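Please read the structure below before turning to the comments.
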Amino acid sequence: MEHRKTYIRHTLSYDSKEIVIEGPIAPEQLKSLQMHHELDAFRRPGDQHEALIEIAELPEGRIIVARDQDTIIGYVTFHYPDEMERWSQGSMPDLIELGAIEVANDYRSLGLGSLMIKTAFEEEQMEQYIVFTTEYYWHWDLKSSGLSVWDYRKMMERLMKTVDMVWYATDDPEICSHPANCLMVRIGKEVPLESEEQFDRIRFQQRFMY
């Protein structure tokens with residue numbers, strides 16, 4: 001499958017500075033940037049930087065960043081689902097996971113999350129994919145945000161809805177383990193019916209079990 005990638009760049013004025021939102025960003029450019037020290041939600045900033053470079057090197061991988069000069073202050077990742085998860089079953093070439101989104105604390109009031117996600121979907125780059133994200137409350141930064149689990153869930157839903165991702169039901173045990181967890185999905189207009197049907201079979205695997 002050919003993965004269409006069109007580089008998009010936006011700028012945002014902030015505190016007499018210019019924030020750049022851009023991507024999908026090339027691995028070489030990622031290597032020239034540094035991570036903000038607060039980007040540690042998933043792993044240490046240096047380790048996360050290496051992970052972003054690895055994703056950018058994948059044929060299907062996409063990294064959208066927000067940067068203040070040469071410092072990454074936010075990022076969004078897109079890639080095939082991890083082979084250990086149910087979503088990788090069938091190795092669907094047109095099923096892409098929005099894997100992680102993170103913004104440094106000092107920049108969270110700027111709407112960078114929605115700007116980065118919107119950038120990824122510009123120029124109809126994602127119309128050939130089913131894009132999904134799994135939201136687990138244990139990944140959420142409840143402490144820094146001061147939000148309750150349910151308010152954070154609402155915030156994440158609003159964020160994903162900026163690119164028309166909607167809630168989808170599933171019997172996945174991890175998602176079902178807490179009512180705040182959820183699966184959100186966007187089906188591109190070029191996705192064939194067979195792929196939608198295959199995704200439905202992945203979403204529900206216990207419907208005939210009693």
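A few comments on the model shown:
- Some residue of region 123-144 being touching a Cys at 6+ places or on another chain (Cβ under 9 Å) and closer than 28 Å to Asp15 by Cβ: no
- Scan of region 20-65 for residues that are in a strand (DSSP E or B), touching an Asp or Glu at 6+ places or on another chain (Cβ under 8 Å) and buried (at least 20 other Cβ atoms within 10 Å of the Cβ), ordered by number: Ile64, Val65
- Scanning region 143-158 for any residue that is in a strand (DSSP E or B), among the β-branched types (Val, Ile, Thr) and under 27 Å from Leu39 (Cα atoms) turns up nothing.
- All positions within region 66-80 that are crowded, with 17+ Cβ neighbours inside 10 Å and either touching a residue at least 40 places away in the same chain (Cβ under 8 Å) or closer than 29 Å to Asp106 by Cα (or both): Ala66, Arg67, Asp68, Ile72, Ile73, Gly74, Tyr75, Val76, Thr77, Phe78, His79
- Hey, Thr6 of a type in the set (Val, Ile, Thr) and either modelled with pLDDT under 95 or closer than 19 Å to Arg108 by Cβ (or both) or not: no
- Selection over region 138-151 of residues that are surrounded by 14 or more Cβ atoms within 10 Å (Cβ to Cβ) and closer than 22 Å to Phe78 by Cβ gives a count of 3.
- Test: residue in region 106-113 that is in contact with a helix residue (DSSP H, G or I) (Cβ under 7 Å, 6 or more places away or on another chain) and surrounded by 14 or more Cβ atoms within 10 Å (Cβ to Cβ): yes
- Contact annotation: residue pairs with Cβ atoms under 9 Å, 6 or more positions apart or on different chains, pairing a residue in region 104-119 that is among the acidic types (Asp, Glu) with a partner that is crowded, with 16+ Cβ neighbours inside 10 Å, are Asp106/His36; Asp106/Glu38; Asp106/Ile73.
- Test: residue in region 161-169 that is surrounded by fewer than 19 Cβ atoms within 10 Å (Cβ to Cβ), outside any helix (DSSP H, G or I) and touching a Leu at 6+ places or on another chain (Cβ under 6 Å): yes
- Single unsatisfied condition, Ala104 versus (1) closer than 19 Å to Ile130 by Cα; (2) in contact with an Asp or Glu (Cβ under 6 Å, 6 or more places away or on another chain): (1)
- Matching residues, region 119-135, being in contact with a strand residue (DSSP E or B) (Cβ under 9 Å, 6 or more places away or on another chain) and either of a type in the set (A, V, I, L, M) or surrounded by fewer than 18 Cβ atoms within 10 Å (Cβ to Cβ) (or both): Ala120, Glu122, Glu123, Met126, Ile130, Val131
Residue by residue, here is whether (1) of a type in the set (D, E, K, R); (2) closer than 15 Å to Ile53 by Cα; (3) touching a residue at least 24 places away in the same chain (Cβ under 8 Å) holds:
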position: Lys17; (1), (2), (3): yes, no, yes
position: Glu28; (1), (2), (3): yes, yes, no
position: Lys31; (1), (2), (3): yes, yes, no
position: Met35; (1), (2), (3): no, yes, yes
position: Asp40; (1), (2), (3): yes, no, no
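- Test: residue in region 178-195 that is in contact (Cβ under 8 Å) with a residue 12 or more places away in the chain, part of a helix (DSSP H, G or I) and hydrophobic (A, V, I, L, M, F, W, C): no
- Test: residue in region 82-92 that is in a strand (DSSP E or B) and aromatic (Phe, Trp, Tyr): no
- Among the criteria (1) in contact with a helix residue (DSSP H, G or I) (Cβ under 7 Å, 6 or more places away or on another chain); (2) among the charged types (D, E, K, R); (3) on the phi > 0 side of the Ramachandran plot, the one Glu124 does not fulfil is (1).
The values are calculated or read from the model by the stated rules, or taken from the named source; none is laboratory data. All values reported here derive from a predicted model rather than from experimental measurement. Every residue, glycine among them, receives a Cβ derived from its backbone with ideal geometry; neighbour counts consider all protein chains shown.
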